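Just so it is clear, none of the values below were taken in a lab; they were calculated from the coordinates. This structure is a prediction, so every number in the text was calculated from the model and none was measured. Backbone-built Cβ (ideal geometry, glycine too); neighbour counts: all protein chains shown.
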Amino acid sequence: MSEQKHRPVNQTLGMQPRFGPLPADQVIPWIAITMVFYFLFQETLKLGWNWTVLLIIWGCGTWWVLTGSKSWRFLGKFVPCPSWTRGRVTYRSLRVIQQERELQAELMIQKRQQAKKRRAKSKKTRQKNQEARRA
């Protein structure tokens with residue numbers, strides 16, 4: 001008979017990280033809730049510490065209930081659904097697209113050169129007019 005070897009198994013596999021009894025994924029939202037509630041109720045509304053602490057506990061507890069072990073049930077409602085549409089596009093080869101772009105680039109260069117010529121021509125006519133006025 002062959003002896004079976006026992007393998008050590010990590011006991012924490014598949015478990016969520018925790019800070020004592022508190023889940024680690026809740027810590028950052030609870031800090032944010034605490035800060036917002038402190039500034040809102042203690043600093044702005046001046047409700048006093050009893051009400052402020054009570055409202056902080058209520059806010060953190062509500063967040064924990066909504067996003068606890070199955071957070072996707074609540075937070076998944078805020079993900080927008082994709083909008084699918086059907087469209088038809090005629091096939092154009094990459095060579096044709098590249099030729100069109102080169103053509104457009106050439107046209108832009110020609111337009112710029114024409115604009116430069118017009119500006120130079122209008123500048124010359126302005127200079128002639130100024131010389132004529134001085135004379």
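Going through the stretch 74-109 one residue at a time, which ones are aromatic (Phe, Trp, Tyr) and surrounded by 10 or more Cβ atoms within 10 Å (Cβ to Cβ)? Quick ask: steps written out before the conclusion?
First, pick out the residues of the stretch 74-109 that are aromatic (Phe, Trp, Tyr): 74, 78, 84, 91.
Selection gives Phe74 alone.
Applying the condition of being of a type in the set (S, T, N, Q) and more than 25 Å from the chain's Cα centre (by Cα) to the stretch 59-73 and asking which residue is surrounded by the fewest Cβ atoms within 10 Å (Cβ to Cβ) yields Ser69.
Checking each residue in the stretch 5-53 for being surrounded by 14 or more Cβ atoms within 10 Å (Cβ to Cβ), under 27 Å from Leu75 (Cβ atoms), over 30 Å from the mean Cα position of the chain (by Cα) and of a type outside the set (Phe, Trp, Tyr) picks out Thr52, Val53.
Look at the stretch 20-44: where a residue is on the phi < 0 side of the Ramachandran plot and a partner is of a type in the set (D, E, K, R) and not in a helix (DSSP H, G or I), sitting 6+ places away or on another chain with Cβ atoms under 9 Å, you get Ala24/Arg18.
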